[in-house]
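Have a look at the structure below, then the notes.
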Amino acid sequence: MSVAVLAPLAMSLWRSLTDPSLGLTHYTDLFTDGITLTIVSRTLMTSLIVTVGTVVLGYPYAYLMTRVSTTTRILMLTAVLVPFWTSMTARNFAWLILVQRDGPVDKMFSAVGIDGVVLHGTVAGVAVAMIQVMLPFMVLPLYSHMAGIDRKLLLAAQALGSTPIRAFRKIFLPLSVGGVVSGSILVFALSFGFYVTPAILGSPQQSLVAQLLGQRTLQLLDFAAAGALGIVVLLFTLALVTVANRMGGSVSALGASVAKGK
Amino acid sequence: MATHTQNPAPRHTEEQGRPARRQKPVDAVPLWLKAVGVLVAIYLILPTLVVIPMSFSAGATFQFPPQEWSLRWYESFFTDERWLRALSNSLKVAVSVMVVATLVGTAAALGLSKSRGRWAEAVRSFLMLPLVAPGIVIAVVVYIAYLNWQMVGSFWGYLLIHTAMALPFVLVSVTASLSGFDANLLRAASSLGANPLRAFWRVQLPLILPGVLSGAVFAFVTSLDEVVVALFIRSPLFETLPVRMFNSVTIEIDPTVAAASSILVVLATLFILTPQLFRLVRRKK
Amino acid sequence: MKKSRTLTAVAGLASATLLLAACGTGTGSGSDGGDADGATTMTYASYGGTFEAGQVSAWQEPYTAENPGITFANTSPSDTAMIKAQVESGSVQWDLADVNPFFAADYCGELVEPLELPNVDTSQFDEALIGECYFGAYQFALIVSYNTDKWPDPATAPKTVADFFDTEKFPGQRGVVNDVTNGMLEYALMADGVTPEELYPLDVDRALAKWDTIRDETTFAANNGAMLQLATGNQVDMMMLVSARTKASLDEGAPFRPIWDQTMVTFHTLVVPKGAPNKEQAMDFIEFVLQPEQSAAFAEAAGVSPTNKEAVIELDETATQVNAFDEKVNTGGVVTTDAEWWGENVTDVADRFNTWLNG
């Protein structure tokens, strides 16, 4: 079955190296054509913003999940999983409605005196929607990591005279860093090659690498160059995911927690 | 998580049926943290909350909240042949993918659970590849290959690639349920005279069935919701619902997309909740 | 016992769905579209929305009425790259595509079939509309219009193409479709002081430099439908949009009024991709739509202008408002795109434009 993916990949790899003649020109072109690098760095920046956003929102949320009653925890987990079963297209459509001119977000800002917050067609709009899309991929590994931290350590620290905040900072935070790092790498990798959100909420003059890849394939029909870019994006993503795996935030673990549907 | 036994960090994730150990609080949860939790939860479900009221709007533009209410977009969905055909294409593909991916994925999980070593690891990694590879890369290379293979816009083309993309979910969830399975049970069964097939059918399968079923559900939902590859390999004669939706958002102004979105949400929710209900009912008995 | 019943049920469901899937493939893989009783489905590529609906009601439905058994499968957008991909991979699915004539001229015989239309009376058409691989099916303008909510008083509203590019005098969000062939470069040059007579050969760099000045205030829509969506959603204050879609936005109640300075007009053609499955039938269809009745019917439905001089049209109010060919409406001038120049340069200019846009 995986031949369905491997054979096309191999074909594209072959074409990117041999069409029209044997060599690495399509790969060196990525660095010299002027656009690819601009778009790649814009994409890296966006992925970074999305990653930081998911950590900022996901960390307190996952922490809270370890501290509440079972019923609340199930409710919180459900909120994380709702995006998984809301169709990707539908969710981005919803974001389009939310961030357009005169949409709820624009109106909300106007109400407090800030006019013209139109995120549609901007990298900021793409980021706001993508953080929501990626948040479950941060919360789930973080939660599974934090649930493994023995809170007796904090109790002990407190018994020894630490304030709760100091106990948290000195003990819980360092222990949870592994989860943050692996979750971040995962989110970063997934964001880097994300297509749907930029395609619906972004704009052609601020396109991201996935749009460039789509455009090279569908509009310019430059299959060899598209293949080269695709292979680079794939290798970059796989390298990041492998690192995340090594650090313990295994992708399969994530798949399992999702697949369990709870 | 069962697939990465080498993980050093001890984990306590909740297992089905075992209530979580309540940890003694060190300190009270501060109010601001609770507030953040509520806000993040709202942020997570916000799009879902927007889509459903949108589908009952009476207006022809994407204005939220809707000024007036009506069922016109549902009417438009269920009377427009193109939307209905897209829905039926999506269901045909998703159901077939569910069947094929579940059979293949379960077999692969069983096979891989018995074999250790580099070779098995490599096969597993290849099977997991579609889960981590960016959708756009799969879309581009598959589209280029399908052009050569004359498979663009064919049912079998969708079935093949969606099955490959759904397989990791089946593999993971069956493997997870296998990890709780005691192989001695099979040996016991065969020592009592059951042939291997019968032993599998009567002893192993019932025990891993929850894993198989949730894998099947995720295979179905993965295919039903898949848009990036579908967007590239579509043809005018065979379009799936997410593609039709994507085009209504980006090319046409057709608020029918809101109705379609709500229908997809309800469909997926039903499919995901059914096994849970099934489990609940069984437990009650 | 209970468990084995569940299993039987699952197995039953599985085999039922496999059967269902097997039945379902008939519609999926039938790319040739023909079947036993002579019924043919022609695949038609257009641009979606009310525009496509106009072609369905004015062209396809009457054609099916005259030729029972011939139906249409519509797809959009009619992206010329898709034609190239289909022809080069040898899996042509489209029978007919609505495209600009420059593409047709550039790839005549290579990607599109030379037209064979013996039954068309060419004396009913302007010569400029006819080439070996194209035959103007309808004419349209790229209308520059402004939002009357933003500028309610016509006296102080934008009046010239130059005003579109002047964000100091007229601050606000601009919108344009990133289709370079419709006249957006010509507008930029005229706003920069080039007279209509001196436009060609186009100074592409100068035109793009002019667009650079308002790039940050401009939404580049991926296609006409998306631009229409931006207009009806009140997302832009000034826009350049083809006449048919400008009419559609007015029909939806969008508050836009055309600026009649110099207006770019051009035309589109139907083409038959090389190796199309139903080539003869497609040629017959093109002959059909070039008749005066069909030419008029589509113009009335969509808000474009007929190419057939015998066509008698009666436009509704919104179609009249955007009719650049009506001297009572259009108080400015009309500039026709230079098909010859564009035919030679379209690929190169499109590439440069894309590079500029992405950068």
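Each value in this text was obtained by applying a stated rule to the coordinates, not by laboratory testing. In this text the structure is predicted, and so the values were computed from the model without any measurement. Note that each Cβ is placed from the backbone with ideal geometry, even for glycine, and that neighbours are counted across all protein chains shown.
Tabulated data for the structure shown
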| read-out | value |
| --- | --- |
| Rounded Å value of the spacing that divides the Cα centres of segment B:29-70 and segment A:50-125 | 9 |
| Residue-averaged beta-carbon neighbours from other chains (10 angstrom radius) around A:145-152 | 4 |
| Percent of beta bridges antiparallel (DSSP, the protein assembly as shown, rounded to nearest 5) | 55 |
| Cut-off 14 Å between beta-carbons: net charge of the residues surrounding A:MET108, Lys and Arg +1, Asp and Glu -1 | -1 |
| For chain B: rounded, prolate or oblate by the Cα gyration tensor [a/c cutoff 1.5] | oblate |
| Within the protein assembly as shown, helix-based [θ] at 222 nm, where runs of 4 or more DSSP H residues each add -39,500 (n - 2.57), nearest 500 | -19000 deg cm²/dmol |
| 0 to 90° range, to nearest 10: angle between helix B:135-149 axis and chain B longest Cα axis | 90 |
| Tilt relative to chain C, helix C:339-358 - C-alpha long axis, 0 to 90 degrees, to 10 | 80 |
| Candidates per trypsin sites (Lys or Arg not before Pro) in segment C:289-359, loop by DSSP, up to 10 other Cβ within 10 Å | C:LYS328 |
| Net charge, C:GLY172 excluded, C-beta distance under 13 Å - Lys, Arg +1, Asp, Glu -1 | -4 |
| Separation between Cα centres of segment B:194-239 and segment B:154-183, rounded to whole Å | 6 |
| The protein assembly as shown: C-alpha gyration tensor shape, a/c 1.5 cut-off, then a/b vs b/c | prolate |
| For segment C:99-166 and segment C:263-319, distance of Cα centres in Å | 12 |
| Highest average packing first - A:220-227, B:159-166, B:75-82, A:234-241, Cβ atoms within 10 Å | B:159-166, A:220-227, A:234-241, B:75-82 |
| Packing-based ranking, highest mean first, of A:152-164, C:141-153 given that Cβ atoms within 10 Å are counted | C:141-153, A:152-164 |
| Lys pairs, chain C - Cα-Cα below 20 angstrom, 8 or more residues apart or on other chains | 12 |
| Loop-located chymotrypsin sites (Phe, Trp or Tyr not before Pro) in segment C:155-197, at most 16 other Cβ atoms within 10 Å (DSSP) | none |
| Within 10 Å of each Cβ in A:167-173, the average number of Cβ atoms from other chains | 1 |
| Helix A:173-192 vs. chain A, principal-axis angle (Cα, 0 to 90°, nearest 10) | 20 |
| Average beta-carbon neighbours from other chains, 10 Å sphere, peptide B:235-243 | 6 |
| Anisotropy class of segment B:85-254 from Cα gyration tensor, a/c 1.5 cut | prolate |
| Trypsin sites (Lys or Arg not before Pro) within segment B:90-162: DSSP coil, no more than 11 neighbouring Cβ in 10 Å | B:ARG116 |
| Net charge over other residues, Cβ less than 12 angstrom from the Cβ of A:PRO60 (K, R count +1; D, E count -1) | +2 |
